[in-house]
1. Please work out how much length the chain gains when fully extended from A25 to K5, using 0.36 nm per residue of separation minus the C-alpha to C-alpha distance, in nm with one decimal.
2. State the extension gain, in nm to one decimal, for the chain segment bounded by A44 and V56, taking 0.36 nm per residue of separation less the distance between their alpha-carbons.
3. Please report, largest first and rounded to whole Å, the three semi-axes of the ellipsoid equivalent to the range 25-82, where each semi-axis is the square root of five times an eigenvalue of the C-alpha gyration tensor.
4. In whole Hz and in residue order, list the ³J(HN,Hα) couplings for the range 17-26 that follow from phi through the Karplus curve 6.51 cos²θ - 1.76 cosθ + 1.60, θ = phi - 60°; x for Gly and Pro.
5. Whole-Hz Karplus ³J(HN,Hα) for the range 60-72, in order, using 6.51 cos²θ - 1.76 cosθ + 1.60 and θ = phi - 60°, x for Gly and Pro?
Amino acid sequence: MKEPKEFDYFKGWLIFFLVATVARAIVGIVIGSFVAAFMGAGGASLTQMTRVNQIVGFVIVIPISYVTFRAVVGKYLFPKIEEDAPPSKITNSANG
């Protein structure tokens, strides 16, 4: 089993950080606009819209962060670990 180098961890973290940040910003703008428009049409104050958008934004970024983390780790770190792993032997239990 080959241990990932420090640069592999840094590269994975950097890609995760950039992709997650951009995705959060785009999704936050789109969903935040809809929430603010809906609440504004309902007569909510700016303070109420801000608080609701903060809560909705936090709830939205959790799955974005998770999916991005899984994708980056699966692509950049696990292949490095599994690269030198010996192939597993498959035994047939019927033949003993």
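1. Roughly 4.1 nm would be gained on extension.
2. Result: 2.8 nm gained on full extension.
3. 36, 9, 6
4. Coupling constants for the range 17-26: 4, 5, 5, 5, 5, 5, 4, 4, 5, 5 Hz.
5. Values per residue, Gly and Pro as x: 6, 6, 4, x, 4, 5, 5, 5, 5, 4, 4, 5, 5 Hz.
We did not get these values from a lab; they are worked out from the coordinates using the rules stated. Since this is a predicted model, take the numbers as computed values, not measurements.
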